[in-house]
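Just so it is clear, none of the values below were taken in a lab; they were calculated from the coordinates. The model shown is predicted, which means the values in this text are computed figures rather than measured ones. Cβ: placed from backbone, ideal geometry, glycine included. Neighbour counts: every protein chain shown.
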Amino acid sequence: MDRMWWHKSVVYQVYPKSFYDSNGDGIGDLGGVISKLDYLEMLGIDILWLSPVYTSPMDDNGYDISDYYAIAPQFGTIDDMDRLIVEAAKRGIAIMMDIVVNHTSDEHPWFIESRSSIHNPKRDWYIWRDGATATLPPNNGESFFTGSAWERDEKTGQYYMHLFSKKQPDLNWKNPEVREEVYRMIRWWLDRGIKGVRLDAIDLISKPEKCINGNEGNNINGMEHWANGPDIDTYLREMNREVFSSYDVVTVGETSFADTKRAVAFTSPESKEMDMIFQFEHMHIDHGGEKGKWERVPLILVKLKSVLSRWQMELYGKGWNSLYWCNHDQPRIVSRFGNDESRYRVQSAKMLAAALHLMQGTPFVYQGEEIGMTNTLFDSIEDYDDIDTLNYYKKAVCEQGIEKEEVLQKIHWASRDNARTPMQWSGAKNGGFTTGVPWLKVNPNYRRINVTNALMDKDSVFYFYRELIRLRRNSPYSDLIAYGDYRQFYENAESVFVYLRTLGDKRILVICSFVKNEVAFTLPGELEGYKVSVILANYPDKKEPVKRMLRPYECVVVELL
């Protein structure tokens, strides 16, 4: 596999609405991002992934785009966007745009034309079908945001498909005019100077016929049926050929239902589709049951290790992994797999960072992750904004009759708004995020957990992340971390995650405890003959892990000499 510039990169995701408000209106904006570029440079990241800032009705916080070529006024202007690209480049930071092309907003001019008449030239730009009967949609397919994936349009009497909100109609990728318009738009952004593209929900652009054929009636069960349709590889290869192959750019696709085999097909250099994908398998470890992500189950570390290790080994030399714990769609990782109590929050945040960043792949850091931000605890459903959360609450309470307290408990853990509370910059009012009224409440723990405190404490989570980024980008271990092979030890251990990275005669061993009690640890027998040199540890004394008790959430990274 050829070595690419982004193999040693670290990506930082900014959710603009919650990052920093530069004008006091309570909403983060591009001016706020620009003002914090020095902070990101100090952290060491070299790619900034920007969640959507396009013009949008904001039904799904910008993932419902009504104009791909304009910036939403609440975020700024196209001049601000151009300035961000230039100012970031001065600091060695490339901009990755979040591009949503599975669907648009229902307020996009394309859809306004499409729904105006059955005979409109853009009718076939979206997916329209007759109902199965006079009162039933084409089939019983469900959207990811609960409810039917079909919405009846009163003007023409037909239904349009929406895999997410009813205000997010799906584009018809079978229409070559749609694809060419999408390609033209992406080229326009690349020509403005962006260096990365994150393709939202990209594995859904090819719909299997059984999912959209209204003549088969009610026959769709399971969200996985929508993904990886028969033309998915054709479309992605065409997009690469028509767009990305002409630019020095990195691409990552959101693929909810990819397994390792599909990941290789998506990301192998020979396939010429995408550079890497976001897989979700490790994100499903701690929830399940009939209620999906809202039903929490205890973390079984053996399962998590098995998933992570399988992706490491089965993509090695064939494709490329993305490495992430957090993003705008996931609860905070310290509250999921770590310990968000005051006593062990810092240790568990560092441990989780080391476990992820020292595997092969490109790491993604979500805003606030680098200071150990946690899930929030809102008092009532009125405090939440996320459409998925609100839809779930309505269905669970109003339709299923579940007690409000029980539903709120599930929401406290699983809501996407956990990741969307404003960035905690200081102990000042509103966490220093805004001088106005924040669009979403700030986590009450901002007085304790904030950037100002982190920068003053040389033993903080922030400086641990910075050291991990340095090790990957500019250290004697950079090549090993980026290209070395991977081997797990103690696969069946219920408390520790231990893996070895090897390249040539260099070896590093990563040891991570996932529990809040002490755990006995001994080096694997075949490694006992090596001398041990500690590279990184999350306890200040950097104690060698030869044969001793690991402390709560302890991690130690050693070179074997």
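Net charge of the neighbourhood of Glu314, taken over other residues with C-beta under 15 Å away and scored Lys/Arg +1, Asp/Glu -1, is +3.
Toward the positive end of the charge dipole of the chain, with +1 on the Cβ of Lys and Arg and -1 on the Cβ of Asp and Glu, the farthest Cα among Ser114, Trp6, Thr77 is that of Trp6. Comparing Thr434, Gly44, Cys326 along the charge dipole axis of the chain, the residue lying farthest to the positive side is Gly44, per the Cβ-charge model.
For the range 43-63, backbone nitrogen atoms closer than 20 Å to the point 7 Å from Ala70 Cα along Cα-to-C-beta are found at 52-63. Under the convention that each Lys and Arg Cβ holds +1 and each Asp and Glu Cβ holds -1, the size of the dipole of the chain around its Cα centre is about 1660 debye. The range 300-326 and the range 229-281 have Cα centres lying 18 Å from one another. Modelled spin labels at Glu181 and Lys542, positioned 7 Å past Cα toward Cβ, are 5.8 nm from each other. Whole-Hz Karplus values for the range 314-324 come out as 7, 9, 4, x, 10, x, 9, 7, 9, 10, 8 Hz, taken residue by residue from phi with 6.51 cos²θ - 1.76 cosθ + 1.60 and θ = phi - 60°; glycine and proline positions read x. Rank Tyr247, Ala396, Phe521 by how far each Cα sits towards the positive end of the charge dipole of the chain (+1 on Lys, Arg Cβ; -1 on Asp, Glu Cβ) and give me just the farthest. Going by the charge dipole, the pick is Phe521. Distances between placed amide hydrogens fall under 5 Å for Glu295 paired with Gly288, all partners being 5 or more residues away or on another chain.
Scoring 226-237, 481-492 by mean Cβ neighbours within 10 Å over their residues and listing the highest first yields 226-237, 481-492. Taking a point 7 Å out from the Cα of Lys516 in the direction of its Cβ, the residues of the range 349-365 whose backbone N falls within less than 13 Å of it are 349. Counting only DSSP beta bridges with both residues in the chain, the antiparallel share comes to about 60 percent. Compared with the direct C-alpha span, the chain from Ile300 to Lys394 gains 30.8 nm at full extension, assuming 0.36 nm per residue. May I ask for the distance between the Cα centers of the range 38-104 and the range 347-398, given as a whole number of Å? The range 38-104 and the range 347-398 have Cα centres separated by 21 Å.
Computed from the Cβ-Cβ distance with R0 of 22 Å, the FRET efficiency linking Val532 to Lys506 stands at 0.95.
Packing here is the average count of other Cβ atoms within 10 Å per residue, and on that basis the peptides 85-94, 368-377, highest first, run 368-377, 85-94. Expressed as a whole number of Å, what is the distance separating the alpha-carbon centroids of the range 8-25 and the range 491-521? The two parts, judged by their Cα centres, are 33 Å apart. Within the range 375-427, the GluC sites (Glu not before Pro) that combine a DSSP coil assignment with at most 16 other C-beta atoms in a 10 angstrom radius are Glu403. With R₀ set to 51 Å, the beta-carbon distance separating Tyr463 from Ala134 gives a calculated FRET efficiency near 0.20.
About its Cα centre, the range 407-450 has a charge dipole of approximately 60 debye under the convention of +1 per Lys or Arg Cβ and -1 per Asp or Glu Cβ, with nothing else charged.
Rounded to the nearest 500, the 222 nm mean residue ellipticity of the chain from helices alone is -7500 deg cm²/dmol, with -39,500 (n - 2.57) taken per DSSP H run of at least 4 residues.
Among 525-537, 318-330, what's the highest-first ranking by average C-beta atoms within 10 angstrom per residue?
Working: 525-537: 13.6, 318-330: 21.8.
Taking the mean over residues of other Cβ atoms within 10 Å, the ranking is 318-330, 525-537.
Summing Cβ point charges (Lys, Arg +1; Asp, Glu -1) relative to the Cα centre of the range 485-560 gives a dipole of roughly 200 debye.
Other residues with beta-carbon under 11 Å from the beta-carbon of Lys195 carry, at +1 per Lys or Arg and -1 per Asp or Glu, a net charge of -1. Taken one residue at a time, the phi angles of the range 273-287 give Karplus couplings (6.51, -1.76, 1.60, θ = phi - 60°) of 10, 9, 7, 7, 10, 8, 9, 10, 4, 6, 7, 9, 5, 10, 8 Hz. Gly and Pro are set to x. Fully extending the segment from Ser246 to Met42, taken as 0.36 nm per residue of separation minus the present Cα-Cα distance, adds 70.3 nm.
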